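Beneath this line is the structure, given in structure tokens, with notes to follow.
The values are calculated or read from the model by the stated rules, or taken from the named source; none is laboratory data. Just so it is clear, the model here is predicted, and its values are computed rather than measured. Positions of Cβ are backbone-derived with ideal geometry, glycine not excepted, and every protein chain shown enters the neighbour counts.
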Amino acid sequence: MRNVFTAGREKSAVPWKIIVPVLCFLAVVLIVLAGIANISQATRAQGRETAEEAVRRAAVQCYAIEGRYPRDIAYLEAHYGLILDTDQYSYHLRPVGDNLMPEIFVFSPEG
């Protein structure tokens, strides 16, 4: 039996039934990968902020107990139990004065 609806049509050279789903799949994969990259970047930034806040809390604790801010990070490690992740971050504490909060910087190698 002959199909009267497709009898006059020529077969298309481009197999749209395959190309469109493949393109949709690739678009979804790219969107997911972009989302993962964005989450990863936000996680790194949050980790750096958390490390900086830990140093700041230890410095404030030092001031509350001793009446002066620490002169360096090593003092906080030795006396206040501060644990630093030196593999991931670079820590800098610049004292301003005994009664002034030191400038605290935490950098990650990626920037």
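For (1) modelled with pLDDT of 95 or more; (2) part of a helix (DSSP H, G or I); (3) closer than 30 Å to residue 110 by Cα, each residue gets a yes or a no:
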{"position": "18", "(1), (2), (3)": "no, yes, no"}
{"position": "21", "(1), (2), (3)": "no, yes, no"}
{"position": "33", "(1), (2), (3)": "no, yes, yes"}
{"position": "68", "(1), (2), (3)": "no, no, no"}
{"position": "83", "(1), (2), (3)": "no, no, yes"}
{"position": "93", "(1), (2), (3)": "no, no, yes"}
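Would you say residue 79 is out of contact with any Pro (no Cβ under 7 Å at 6 or more places or on another chain), without any contact (Cβ under 8 Å) to a residue 24 or more places away in the chain and assigned to a strand (DSSP E or B)? It would help to see each step written out before you state the result.
On the way: out of contact with any Pro (no Cβ under 7 Å at 6 or more places or on another chain): yes; without any contact (Cβ under 8 Å) to a residue 24 or more places away in the chain: yes; assigned to a strand (DSSP E or B): no.
Considered against the rule, which asks whether it is out of contact with any Pro (no Cβ under 7 Å at 6 or more places or on another chain), without any contact (Cβ under 8 Å) to a residue 24 or more places away in the chain and assigned to a strand (DSSP E or B), residue 79 comes out as no.
Within this structure, residue 81 passes the test of being under 30 Å from the mean Cα position of the chain (by Cα) and at positive phi. Residue selection: residue 55 satisfies the criterion of being surrounded by 11 or more Cβ atoms within 10 Å (Cβ to Cβ), in a helix (DSSP H, G or I) and at pLDDT 90 or above. None of 50, 43 is under 26 Å from residue 110 (Cα atoms), assigned to a helix (DSSP H, G or I), modelled with pLDDT under 90 and of a type in the set (Val, Ile, Thr) except 43.
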